[in-house]
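Worksheet: one structure, shown below.
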Amino acid sequence: MGSGASSSTPARPTPGPTSPGSSLEQWLMTVIDKEKREKEWMAEKYDKKCAEAALLQQELQALRAQSSGVASLPSAARALLRSPSEIEAEAARAMSPGGTPSKGMQQAVQQKTLGDVCDHQPGFG
């Protein structure tokens, strides 16, 4: 070993007996209290989210019941329930050439299979 190096590791201070007023015990009690408060906060947050989810489930059931009621209406009555944006979109489709909306790359992507390679390489010329 080098000069000034010692072969023994320095001794760690050992805590004395944990009396009710010792700092270690106080620190542990503080940590435990903090964890309890955090756990209570998380439980409250969880309960709020569960109540919110239950309300959303009720709303979803009501909307499903409403939509099934709308589906049973005659087509003339359903047409009256459409929003202005749906009516405008339908009018725009009727006025576009071909009458069908452009699918862009969707059709080409759906027709690809595993192992397909590009047939066309653009030239740089």
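When 77, 11, 5 are screened for being modelled with pLDDT under 70 and either of a type in the set (Ser, Thr, Tyr) or surrounded by 10 or more Cβ atoms within 10 Å (Cβ to Cβ) (or both), only 77 passes. Is it true that residue 90 is within 39 Å of the chain's Cα centre (by Cα) and modelled with pLDDT of 75 or more? In short, no.
The values are calculated or read from the model by the stated rules, or taken from the named source; none is laboratory data. Note that the structure is a prediction, hence the values are computed from the model and not measured. We place every Cβ from the backbone using ideal geometry, glycine too, and count neighbours over all the protein chains shown.
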